[in-house]
Amino acid sequence: MLTLARLLALAIALHGFLLPSLPAHANELSVLAGVTRGFGAEDEFFAWQAEYRYNFLRNFAASLSWINEGGPQDHRRDGITAQAWGRAPLLGNRVSIGFGAIIYCYTLDS
């Protein structure tokens, strides 16, 4: 049976395949979602992340994210991240390798 969390995760996943590609500038906005399933019947939790990445230079970017990790009501973790990215383009800019550092500040609802 499809729950609301599964339907939302499926809709977000199919969103990228069903809509045509639009021209974009170098900055990025991403929304990620998923479901974690535990051992019990009620152990199904929805998690999501929204991220904005700004490219300062060709090989340097920074991003801010909000992460909701899901989890049971008495043990839920949400937080904000700040990330710095370095990138090295390869194969004539068709592929790039990235590396980064992150600061993650979260609150734990318990």
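The values are calculated or read from the model by the stated rules, or taken from the named source; none is laboratory data. Source: prediction; values computed, not measured. Cβ coordinates were reconstructed from backbone atoms using ideal geometry, including for glycine residues, and neighbour counts include every protein chain displayed.
The figures follow:
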item: Any hit, region 86-109, residues being under 13 Å from the mean Cα position of the chain (by Cα) and small (G, A, S); result: no
item: Test set (1) exposed (fewer than 13 other Cβ atoms within 10 Å of the Cβ); (2) modelled with pLDDT of 85 or more - Q73 fails condition number; result: (2)
item: Residues of region 34-60 satisfying the condition of being among the aliphatic types (A, V, I, L, M) and at pLDDT 90 or above; result: A50
item: Lone qualifier among Y104, Y52 - being in contact with an Asp or Glu (Cβ under 8 Å, 6 or more places away or on another chain) and touching a residue at least 24 places away in the same chain (Cβ under 8 Å); result: Y52
item: Those residues of region 90-106 which are at pLDDT below 85 and surrounded by 10 or more Cβ atoms within 10 Å (Cβ to Cβ), in sequence order; result: S96, Y106
